[in-house]
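Undergrad: I have a structure here, written as structure tokens, and I will follow up with some questions on it.
None of the figures in this text is laboratory data; all of them are computed from the coordinates on show. All of these numbers come straight from a predicted model, not from anything done at the bench. No Cβ is skipped: glycine too gets one built from the backbone with ideal geometry, and neighbour counts run over all protein chains shown.
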Amino acid sequence: MKILHCKEYGPIDNLVWEDIDSKEPEDNEVLVSIKAAALNFPDFLIVQGLYQFKPELPFAPGNEGAGIIKKVGKNVTRFKEGDRVYFMAPYGAFAEEACLNEFQVFSISDDVSFELAASYQMAYGTSYHALMQRGELKTDDEILVLGASGGVGLAAVDIAKAKGARVVAGVSTEEKAEICREYGADEVIIYGEGPKDKDASKAFSAELKSKSTKGGFDIIYDPIGDCYAEPAFRSIGWKGKYLVVGFAAGEIPKLPINLTLLKGASIVGVFWGAYTGRESEENQKNIADINNMLQTGQIKPLISKEIPMEHAIDAIKLIGSRGVVGKVVLVNK
Ligand SMILES: NC(=O)c1ccc[n+]([C@@H]2O[C@H](COP(=O)([O-])OP(=O)(O)OC[C@H]3O[C@@H](n4cnc5c(N)ncnc54)[C@H](OP(=O)(O)O)[C@@H]3O)[C@@H](O)[C@H]2O)c1
């Protein structure tokens, strides 16, 4: 079977798509023939040794995928050969096969394609948890979403609109702005490469604030950080919540703490991966609501590109060049 191997931490081009022997599942494992896997921001970081944990080498990146059970270990009770499944794991999805503990794997129904099944759970799971549990979203809330056309950003726009909120989307280009409008964003701000100095930062903050009908946002969803964070925080409303989701733009920002005092505002951390483990029953309720919204057409995850798995290196490079819109899915045909 083929696998995208990271044999040393470093540039993306060091990854190799190569043949290795197929593995036998351990007693509690299933062997999945992978049909589709989603690209996520951590794939870009983990192979460079820049992520919060470093898997033992060699390993394949890729957190989530979907496929068909090929073999089951002797203690496996929840699955049988031929079952269609979605899986989530710390790494290993960019391959033709993976051995996974049966509790990392979930059934999918026949009417859901492998591509769709692989694409939305992490992005929508993160944004749902961020908005509903951490942001305590209400229908009359006004939300600013930064990086709004990316994986988690577009999911946040989609969910917030489905829940009745007013959404202002921040993106770097007109093309990305158009996608946010299609997803129902009420206003869009194009911020290009971001404010580079104090005056630009002040102007950006004023522009953001001008898009709020309340003089400041109830929730700010921030997956990008860096130079965008402080001006965005300055556009928050009274008792607003600033959701710290990620730092895709590079630097982890530092904020003057007095800004929270002046607005009675909160800075709220979001860590979906930890939430799925610590509060798994609550997370399952979230996933059930997401699946219900999907089935009833209230949300519509965007797969902007399907790329053959053997071209995973090119796909991972898209992340670093701000080239991902919605979700990119890698496929084994
Ligand atoms: N906290 C959690 O539980 C959690 C869960 C999942 C993901 N995350 C984090 O959320 C962030 C976004 O993840 P994602 O999967 O949505 O990634 P993505 O699909 O690649 O989207 C990232 C977005 O960030 C913006 N961006 C700004 N500067 C960038 C730069 N220098 N390089 C790349 N993108 C840049 C881009 O939009 P513009 O060009 O429009 O600015 C892009 O759409 C990552 O930091 C990821 O680690 C956190």
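Undergrad: For the chain, what is the charge dipole size about the Cα centre, in debye to the nearest 20, if Lys and Arg each add +1 at the Cβ and Asp and Glu each add -1 at the Cβ?
TA: That gives the chain a dipole magnitude of about 1000 debye.
Undergrad: Sequence neighbours fewer than 8 away in the same chain don't count; with that in mind, list the lysines whose C-alpha is under 24 Å from LYS7.
TA: By straight Cα distance, LYS7 reaches LYS23, LYS35, LYS54, LYS317.
Undergrad: Based on the Cβ-Cβ distance of ASN101 and LEU262, what FRET efficiency does E = 1/(1 + (r/R0)^6) give at R0 = 56 Å, to the nearest 0.05?
TA: Calculated value: 0.70.
Undergrad: Also: Evaluate E = 1/(1 + (r/R0)^6) for ASN28 and GLU306, where r is the Cβ-Cβ distance and R0 equals 41 Å; express this FRET efficiency to the nearest 0.05.
TA: About 0.80, to the nearest 0.05.
Undergrad: Determine the relative contact order of region 123-273: mean sequence separation of Cα pairs under 8 Å and six or more apart, normalised by residue count, in whole percent.
TA: 22 percent
Undergrad: What order do you get for LYS211, LYS35, LYS7, LYS327 when you list them from fewest to most C-beta neighbours inside 10 Å?
TA: LYS7, LYS211, LYS35, LYS327
Undergrad: Of ARG78, ARG234, how do they rank once you tally other Cβ atoms within 10 Å and put the fewest first?
TA: Lowest to highest Cβ neighbour count: ARG78, ARG234.
Undergrad: In percent, how large is the relative contact order of the chain, given Cα pairs closer than 8 Å and 6 or more residues apart?
TA: Taking the mean separation of contacting Cα pairs over the length of the chain, I get 17 percent.
Undergrad: If neighbour count is taken as other Cβ atoms inside 10 Å, put CYS180, CYS227 in order from fewest to most.
TA: The order, fewest Cβ neighbours first, is CYS227, CYS180.
Undergrad: Suppose R0 equals 51 Å. What FRET efficiency, 1/(1 + (r/R0)^6) with r the Cβ-Cβ distance, do GLU18 and LYS214 give to the nearest 0.05?
TA: It comes out at approximately 0.40.
Undergrad: Once fully extended, how much extra length lies between ALA203 and GLU136, figured as 0.36 nm per residue of separation less the alpha-carbon to alpha-carbon distance?
TA: Gain on stretching ALA203 to GLU136: 21.2 nm.
Undergrad: So what is the relative contact order for region 250-333, in percent, with contacts set as C-alpha pairs under 8 Å and at least six apart?
TA: In percent, rounded to a whole number, it is 23.
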